[in-house]
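Read through the structure below, which is laid out as structure tokens, and then see the notes.
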Amino acid sequence: MIIMYGIKNCDSVKKARKFLDENNISYEFHDFKTDGINPIQLRSWINQLGWQKLINKRSTTWRNLPAETKENMDETLALVVAEEQPTIIKRPLLELPERIMVGFSEKSYSELLETQG
């Protein structure tokens, strides 16, 4: 089962959902804003991807962080910030049986179709 994590009004999430829907790929959608985030799962993602890949430094949430927080960001602080403000997590995040994918590109999702086929 594929689980997509993100927020409903994110443009990248909208594109990814549309792509999956148009290609008849079943998935469950988990909205960070309404469903929250599991800290154990967050730790697992950081362990697998690294906090640098998981945290979206181009997001409004990142830009609104205090300068001191951004300057001192490390794995521990990333866990705390992402748990408190999950919109800082790069979106969409796809949790697949064998791996995790972050972000949306039609090419990577097309490759996903081939492997999930």
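When the charge dipole of segment 2-116 is built from unit charges on Cβ atoms (+1 for Lys and Arg, -1 for Asp and Glu) and taken about the Cα centre, the candidate among N38, P66, N24 whose Cα reaches farthest toward its positive end is P66.
Full extension of the chain between N72 and T87 yields a length gain of 3.5 nm, computed as 0.36 nm times the residue separation minus the alpha carbon distance. Amide H contacts of R91 (H built 1.01 Å from N, in plane; Pro and chain starts excluded): G103 sit under 5 Å, all sequence-distant by 5 or more or on other chains. Using 0.36 nm per residue and subtracting the Cα-Cα separation, the extra length available between R43 and S26 on full extension is 3.6 nm.
Against the main long axis of the alpha-carbon atoms of the chain, helix 39-49 sits at an angle near 80°.
How much length is gained if the chain between K107 and K53 is pulled fully straight, taking 0.36 nm per residue apart and subtracting their Cα-Cα distance, in nm to one decimal?
Length gained, K107 through K53: 17.6 nm.
Note on the chain: helix-only mean residue ellipticity at 222 nm, from DSSP H runs of 4+ residues weighted -39500 (n - 2.57) and normalised by residue number, equals -13500 deg cm²/dmol. Taking the centroid of alpha carbons for each part, segment 85-102 and segment 41-77 are 13 Å apart.
No value in this document is a laboratory result; all are computed from the given coordinates. Since we're looking at a predicted model, the values are computed, not measured. With ideal geometry, Cβ positions are generated from the backbone for all residues, glycine too; neighbour counts draw on all protein chains shown.
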